[in-house]
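The values are calculated or read from the model by the stated rules, or taken from the named source; none is laboratory data. What you see is a predicted model, and the numbers here were worked out from it, not measured in a lab. Please note: Cβ atoms are built from the backbone with ideal geometry, for glycine as well, and neighbour counts cover all protein chains shown.
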């Protein structure tokens with residue numbers, strides 16, 4: 001533990017106070033404490049926009065309350081500075097431990113230092129970033145998500161199917177294809193005009209879309225997915241038209257603008273393919289991230305916005321125009337992530353080929369076990385998972401699941417992730 005000194009503490013306090021002033025307007029707070037337990041646990045999560053984080057918050061709070069703790073559950077509206085301010089406020093209120101799904105390790109540095117000085121345990125949830133002083137991490141590994149998404153796309157290539165058909169293959173695991181070389185470099189992006197005429201049996205033109213440019217966690221997902229896809233590129237089955245590198249794939253610098261930016265990029269890609277007609281061949285989209293997925297789904301299921309100079313007569317939606325695949329160019333392969341209601345509806349309706357998600361409710365028990373261990377000054381149990389930059393932090397991981405239309409009932413409805421009424425709208 002870092003020795004407590006007045007100078008160090010004063011500097012840290014000034015830093016977190018500045019964060020609090022900058023981020024105080026974007027917070028979404030839920031005071032969830034109700035039981036007269038043995039302490040108060042602060043839980044700081046990114047946003048209620050993602051179903052995964054909302055389910056995680058509910059599950060973690062319920063698990064902690066069942067063990068006699070009171071819970072201060074807060075969401076940061078996907079703003080890293082707001083999250084840092086929330087953690088600082090939890091410490092000021094005297095919580096006994098903090099659970100945080102870190103949006104930025106850098107922004108959390110100052111409040112993490114205060115927690116360390118005050119002897120308040122910090123445990124990471126969902127996103128494994130190198131947060132100073134963290135004593136445990138229950139995470140979803142982005143590399144596993146990326147490999148699973150890449151595998152779902154490769155399975156669709158092998159089956160020769162787009163979003164309009166049902167994939168008969170069983171849900172894949174998360175392993176990298178056998179032919180993938182662990183040290184493969186990212187394949188070179190090829191401009192669509194350089195591909196030449198293709199057919200449904202020819203190479204598929206893939207657009208890879210990822211989240212905010214400075215998101216280190218999502219960057220790891222992207223690297224793993226590209227590595228898994230590289231053999232298909234080398235074999236000539238796949239051409240990455242956009243997004244082979246992280247700089248190309250990241251759709252925006254601002255996390256709050258990712259969905260809109262992804263929507264625009266997909267609309268542009270669809271328009272370009274439509275303009276090229278039969279020579280465009282078959283297309284595919286790989287959406288790495290739930291916020292990216294929301295933009296992709298919007299682009300493929302709704303009409304584009306009408307600009308001020310546009311004709312007042314509405315045009316058919318891109319999805320409607322491509323609802324009937326042709327021999328020249330079938331519907332695109334679309335592999336996304338997450339299990340928000342809108343995403344699952346699009347999967348059920350055939351717009352999407354597959355989605356990959358991790359059931360964040362499975363993180364609740366191990367994170368609660370770890371908090372109890374840390375408060376008792378015991379080392380939490382680990383399954384050998386390593387957090388890059390913090391390899392000495394005990395950690396456990398929850399694996400992803402690949403969901404196709406036929407899997408919705410078994411994976412999402414029967415488990416209570418969502419209700420039939422929510423799905424039907």
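Here is a check on your reading of the model: is residue 328 modelled with pLDDT under 80 and closer than 23 Å to residue 158 by Cβ?
Taking the combined requirement at face value, the residue satisfies it.
What's the number of the condition residue 330 fails, among (1) surrounded by 16 or more Cβ atoms within 10 Å (Cβ to Cβ); (2) assigned to a helix (DSSP H, G or I); (3) in contact (Cβ under 8 Å) with a residue 60 or more places away in the chain; (4) more than 22 Å from the chain's Cα centre (by Cα)?
It fails just one condition, (2).
Which members of region 367-385 meet the condition of being touching a strand residue (DSSP E or B) at 6+ places or on another chain (Cβ under 7 Å) and farther than 15 Å from residue 39 by Cα?
367, 380, 382, 383, 385
Output the qualifying pairs, or none if there are none: Cβ atoms under 9 angstrom, residues six or more apart or on different chains, first residue in region 67-92 and outside the structural domain of residue 110 (by TED's automatic domain parsing), second residue part of a helix (DSSP H, G or I) and surrounded by fewer than 23 Cβ atoms within 10 Å (Cβ to Cβ).
From region 67-92, no pairs qualify.
Restricting attention to region 239-246, does a residue exist that is over 20 Å from residue 220 (Cα atoms), assigned by TED's automatic domain parsing to the domain that holds residue 208 and more than 16 Å from the chain's Cα centre (by Cα)? Can you show your working first?
If we filter region 239-246 for residues that are over 20 Å from residue 220 (Cα atoms), which is where we start, we get 239, 241.
Still in the list and also assigned by TED's automatic domain parsing to the domain that holds residue 208: 239, 241.
Filter again for more than 16 Å from the chain's Cα centre (by Cα), leaving 239, 241.
Yes, region 239-246 contains a residue that is over 20 Å from residue 220 (Cα atoms), assigned by TED's automatic domain parsing to the domain that holds residue 208 and more than 16 Å from the chain's Cα centre (by Cα).
Taking region 110-134 on its own, how many of its residues are surrounded by 20 or more Cβ atoms within 10 Å (Cβ to Cβ) and in a loop (DSSP other than H, G, I, E, B)?
Total meeting the criteria: 8.
In region 235-256, is there at least one residue being free of Cβ contacts under 8 Å to residues at least 24 places away in the same chain, part of a helix (DSSP H, G or I) and surrounded by fewer than 19 Cβ atoms within 10 Å (Cβ to Cβ)?
Scanning region 235-256, I find no residue that is free of Cβ contacts under 8 Å to residues at least 24 places away in the same chain, part of a helix (DSSP H, G or I) and surrounded by fewer than 19 Cβ atoms within 10 Å (Cβ to Cβ), so the answer is no.
Looking for something free of Cβ contacts under 8 Å to residues at least 12 places away in the same chain and touching a helix residue (DSSP H, G or I) at 6+ places or on another chain (Cβ under 7 Å) - is there at least one such residue anywhere in region 368-388? If you could, list the steps in order and put the result at the bottom.
Restricting attention to region 368-388, the residues satisfying the condition of being free of Cβ contacts under 8 Å to residues at least 12 places away in the same chain are 376-378, 384, 386.
From the residues that got through so far, the ones that are touching a helix residue (DSSP H, G or I) at 6+ places or on another chain (Cβ under 7 Å) too are none.
Within region 368-388 (the criterion being free of Cβ contacts under 8 Å to residues at least 12 places away in the same chain and touching a helix residue (DSSP H, G or I) at 6+ places or on another chain (Cβ under 7 Å)), the answer is no, since none of the residues qualifies.
Could you identify the single residue in 129, 124, 114 that is in contact (Cβ under 8 Å) with a residue 24 or more places away in the chain and in contact with a strand residue (DSSP E or B) (Cβ under 7 Å, 6 or more places away or on another chain)?
Details: 129 fails: in contact with a strand residue (DSSP E or B) (Cβ under 7 Å, 6 or more places away or on another chain); 114 fails: in contact with a strand residue (DSSP E or B) (Cβ under 7 Å, 6 or more places away or on another chain).
Answer to the selection: 124.
For residue 344, work out the one condition from (1) part of a loop (DSSP other than H, G, I, E, B); (2) within 12 Å of residue 297 (Cα to Cα) it doesn't fulfil.
(1)
Looking only at region 381-425, how many residues end up being under 30 Å from residue 133 (Cβ atoms) and surrounded by 15 or more Cβ atoms within 10 Å (Cβ to Cβ)?
Adding up the residues that qualify gives 12.
For region 91-109, what are the residues that are crowded, with 23+ Cβ neighbours inside 10 Å and not in a loop (DSSP other than H, G, I, E, B)?
Within region 91-109, 97, 98, 99, 100 meet the criteria.
Give region 55-66 a look and list any residue that's touching a strand residue (DSSP E or B) at 6+ places or on another chain (Cβ under 8 Å) and either surrounded by fewer than 21 Cβ atoms within 10 Å (Cβ to Cβ) or without any contact (Cβ under 8 Å) to a residue 40 or more places away in the chain (or both), or say none.
Within region 55-66, 57, 61, 65 qualify.
Would you pick out the residues in region 271-297 that are touching a strand residue (DSSP E or B) at 6+ places or on another chain (Cβ under 8 Å) and either surrounded by fewer than 23 Cβ atoms within 10 Å (Cβ to Cβ) or part of a loop (DSSP other than H, G, I, E, B) (or both)? Even if it seems obvious, please write down each step before you answer.
Quick first cut of region 271-297, residues touching a strand residue (DSSP E or B) at 6+ places or on another chain (Cβ under 8 Å) only: 273, 280-293, 295-297.
Passing the criteria: 273, 280, 281, 282, 288, 289.
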